[in-house]
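These notes concern the structure reproduced below.
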Amino acid sequence: MIIRTVKGLESDSVVSNEWFTSYRILLAKDNMGFSLHLTKTKAGSRNIMQYKNHLEAVYCISGQGRLMDLDNNRSHLISPGTLYALDENDKHILEAKTNLELLCIFNPPCIGSETHDESGSYPLLEV
């Protein structure tokens, strides 16, 4: 059994930049088959991403935003209770209208130190 708190995470399990902070709660080393991240995105941010090496599911806990699917030229409102799954390595833009709090699941699991590269993707790192 694994018990953790966000406040108790080691510093190498928290990745931040000027627009978001990602708390990597479960990682590859936990052998769960996925990683679980709590991501807090600042109002006004606009992030272009495409996870080429991972599938991601995202559940909005709080805040308001917009997800733009760049592969299909569609836009979706994001609000508490909304789930979106990037099941085809979808290229997308996430705009935070207000601060967003998102619960994110990645498969394959992340090791914890990943940061977005120039294409908005995470590299596939080994434990």
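Any read-out appearing in this document is the output of simple, stated calculations on the displayed coordinates, not a laboratory observation. All values reported here derive from a predicted model rather than from experimental measurement. Methodologically, a virtual Cβ is constructed for each residue, glycine included, from the backbone with ideal geometry; neighbour enumeration extends over all protein chains shown.
Results, tabulated for the structure shown:
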read-out: Peptide ranges 80-93, 48-61, 7-20, 100-113 listed from the most packed, as the mean C-beta count within 10 angstrom indicates; value: 100-113, 48-61, 80-93, 7-20
read-out: Charge-dipole axis of segment 13-107 as Lys and Arg at +1 and Asp and Glu at -1 on Cβ define it, positive-most pick from 89, 22, 59; value: 22
read-out: Under 13 Å from residue 40, Cα to Cα: aspartates and glutamates that are on another chain or at least 8 residues apart; value: 18, 95, 101
read-out: Reachable lysines from residue 52, criterion Cα separation under 16 angstrom, eight or more residues apart if same chain; value: 91
read-out: Only Lys, Arg (+1) and Asp, Glu (-1) charged, at Cβ; segment 13-107 dipole about Cα centre in debye; value: 260
read-out: Length-normalised contact order for the chain - Cα pairs under 8 Å, 6+ apart - percent; value: 31
read-out: Residue 103-residue 48 FRET efficiency (beta carbon distance; Förster radius 25 Å; 0.05 resolution); value: 0.75
